[in-house]
Structures are given as structure tokens and as C-alpha cells.
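See structure below.
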């Protein structure tokens, strides 16, 4: 019954795409899965070899880290561009700790931004990272609200 209600909610709010997202995950045998996003992109996921995987794709929990990294980077780059910073590159390295129990949920996640550009103002980079963390990154804020300790740092590479 819960699935049916969720489908009705999404169908009723279809015109508001930002509040209703969809994805589909299909089993590919063993512990291999192919995820398809609502926008039509496919992602290969696989489990570790010791659990029957063949290392054909990312682990599902790694996908969560990619999601938070992508969401935060989207914000940081956009904020820096809007503040007219001459940014040429942005990378975020994401590290996480998991509980030593089942379920092995994330307990801590650290995002370290490496922002490259010309004459970047440290105050603008700091502000962009803080705004992403505190206001804009839905993935980061959602995980933080669920009890995950999330921290951020940054460095600037002057070109």
C-alpha cells in the first residue's frame, strides 16, 4: 500500500519535477545491478568479489558519496561563478566512516574541496563551501539531519 501511495504522490506532482524524482534499479545477476535515473542515465553497481561481485561497477554506498560530492560541487562551482571568481577547476574528495555494525550506515563524512583558478578570493571560496553545506546541498543536509556528522574543508590552487 505504501508503494501505491508514493506513486500517486509522484503522479499528482509530476509537473513539479524538482520535488518528485524517480529511479529504477534492475538486478543483473549475482550482486550486479543497473540503475536508471528518471532522466534516462544508467549506472552500473556491483558488490565486492567476496560477496559474489565482479567489480563491474561502484558499490551502492559509494554512489551515496558520489551523490553528496556532486551535489556539493554543483553548488560551490555555481556560487563561485555567480560571484565572478575565475575558477578553472573544482574537485571534491569525499571520505566516510561507517558503523561497525549492521546496518553499516555512514557515521562521518568529510568533503575536501580543491578549487583552482586565477586570483580567487579565499573569502568567496569559504562562503561558497559554507552556503553549500548549510543552505543548498540537499544531499548533505539530508544526511546531516539523519545524524551523520558532515564536515567540510577547502584549499585553493592559484594558477
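Restricting attention to segment 65-88, which residues are touching a strand residue (DSSP E or B) at 6+ places or on another chain (Cβ under 8 Å) and surrounded by fewer than 17 Cβ atoms within 10 Å (Cβ to Cβ)?
Residues satisfying the conditions are 66, 81, 86, 88.
Go over the candidates 133, 139 one by one and state the one that is touching a residue at least 12 places away in the same chain (Cβ under 8 Å), surrounded by 13 or more Cβ atoms within 10 Å (Cβ to Cβ), assigned by TED's automatic domain parsing to the domain that holds residue 82 and in contact with a strand residue (DSSP E or B) (Cβ under 6 Å, 6 or more places away or on another chain).
133
Being at negative phi and either assigned by TED's automatic domain parsing to the domain that holds residue 33 or surrounded by 15 or more Cβ atoms within 10 Å (Cβ to Cβ) (or both) narrows it down to one of 91, 98, 59, so name that one. Reasoning before the result, please.
Details: 91 fails: either assigned by TED's automatic domain parsing to the domain that holds residue 33 or surrounded by 15 or more Cβ atoms within 10 Å (Cβ to Cβ) (or both); 98 fails: either assigned by TED's automatic domain parsing to the domain that holds residue 33 or surrounded by 15 or more Cβ atoms within 10 Å (Cβ to Cβ) (or both).
Selected residue: 59, the only one of 91, 98, 59 that is at negative phi and either assigned by TED's automatic domain parsing to the domain that holds residue 33 or surrounded by 15 or more Cβ atoms within 10 Å (Cβ to Cβ) (or both).
The values are calculated or read from the model by the stated rules, or taken from the named source; none is laboratory data. Note that the structure is a prediction, hence the values are computed from the model and not measured. A quick note on method: Cβ atoms are made from the backbone with ideal geometry, for glycine too, and the neighbour counts reach across all protein chains shown.
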